[in-house]
């Protein structure tokens with residue numbers, strides 16, 4: 001029996017092309033155009049080939065205007081959520097992981113659940129961003145001392161590969177709140193167009209927070225900063241703001 005199993009395994013190996021990859025699910029196939037980030041991630045809508053910000057998805061590849069990515073593996077996390085590992089021509093030595101999920105007619109790309117180390121050389125050095133224009137959903141009750149500005153310093157961990165975000169909020173009355181002092185067990189990671197952090201509240205361990213600094217496609221121009229507050233794992237509030245690169 002062991003010999004038969006060994007022979008069967010050998011036949012299977014010979015019949016499988018070298019580097020064979022999993023296929024993208026049919027729900028992901030087609031041409032999609034990325035939209036501005038929202039509370040769930042980066043949404044993508046179906047569009048015509050060649051449209052701005054278009055990504056063409058075939059069973060074994062994800063191609064954009066400036067890059068071609070080969071699908072390495074696909075793991076089904078839920079009925080309409082997948083973790084896709086891929087290698088791109090622009091960075092052939094790196095394997096990236098993105099999580100996709102369908103929400104009706106929208107395909108979302110989100111860093112939650114899958115990410116790999118990121119090459120920091122494209123920005124080359126740390127940067128500081130200032131953010132304003134805050135929008136809260138659902139709206140808060142009247143706040144006598146609202147946050148009026150946020151400063152975000154994006155730097156590097158000691159290994160030079162992982163991001164580090166220092167987020168400081170300043171209120172109308174001049175109070176200063178540093179997320180690094182308000183939250184513990186902080187972790188950092190990067191996705192395609194965002195640098196991210198998450199942590200557990202020091203005062204209330206039932207409360208967690210996820211923050212995302214998002215960028216345009218060229219990754220030099222900021223889109224904005226998004227903070228999501230959770231209680232017992234349930235989304236309580238989302239705050240968005242518009243950010244600019246601070247003057248040097």
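The values are calculated or read from the model by the stated rules, or taken from the named source; none is laboratory data. These numbers were taken from a predicted model, which means no experiment stands behind them. Note that we place each Cβ from the backbone using ideal geometry, even for glycine, and neighbour counts take in every protein chain shown.
Matching residues to (1) modelled with pLDDT under 70; (2) surrounded by fewer than 13 Cβ atoms within 10 Å (Cβ to Cβ); (3) in the same structural domain as residue 44 (by TED's automatic domain parsing):
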| position | (1), (2), (3) |
| --- | --- |
| 65 | no, yes, yes |
| 72 | no, no, yes |
| 80 | no, no, yes |
| 86 | no, no, yes |
| 93 | yes, yes, yes |
Among (1) in contact with a strand residue (DSSP E or B) (Cβ under 8 Å, 6 or more places away or on another chain); (2) at pLDDT 90 or above; (3) at negative phi - the single one residue 155 does not satisfy:
(2)
Checking the structure you have, find out if any residue of the range 96-117 is surrounded by 14 or more Cβ atoms within 10 Å (Cβ to Cβ), at pLDDT 80 or above, touching a helix residue (DSSP H, G or I) at 6+ places or on another chain (Cβ under 9 Å) and part of a loop (DSSP other than H, G, I, E, B).
no
Given (1) within 27 Å of residue 239 (Cα to Cα); (2) modelled with pLDDT under 85; (3) exposed (fewer than 15 other Cβ atoms within 10 Å of the Cβ), residue 45 misses just (2)
Return the total of residues in the range 118-151 being under 20 Å from residue 221 (Cα atoms) and either in a loop (DSSP other than H, G, I, E, B) or at pLDDT 65 or above (or both).
17
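Results for (1) in a strand (DSSP E or B); (2) farther than 30 Å from residue 34 by Cα, shown as yes or no for each residue.
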residue: 165; (1), (2): yes, no
residue: 177; (1), (2): yes, yes
residue: 180; (1), (2): no, yes
residue: 198; (1), (2): yes, no
residue: 205; (1), (2): no, yes
residue: 210; (1), (2): yes, no
residue: 214; (1), (2): yes, no
residue: 223; (1), (2): yes, no
residue: 228; (1), (2): yes, no
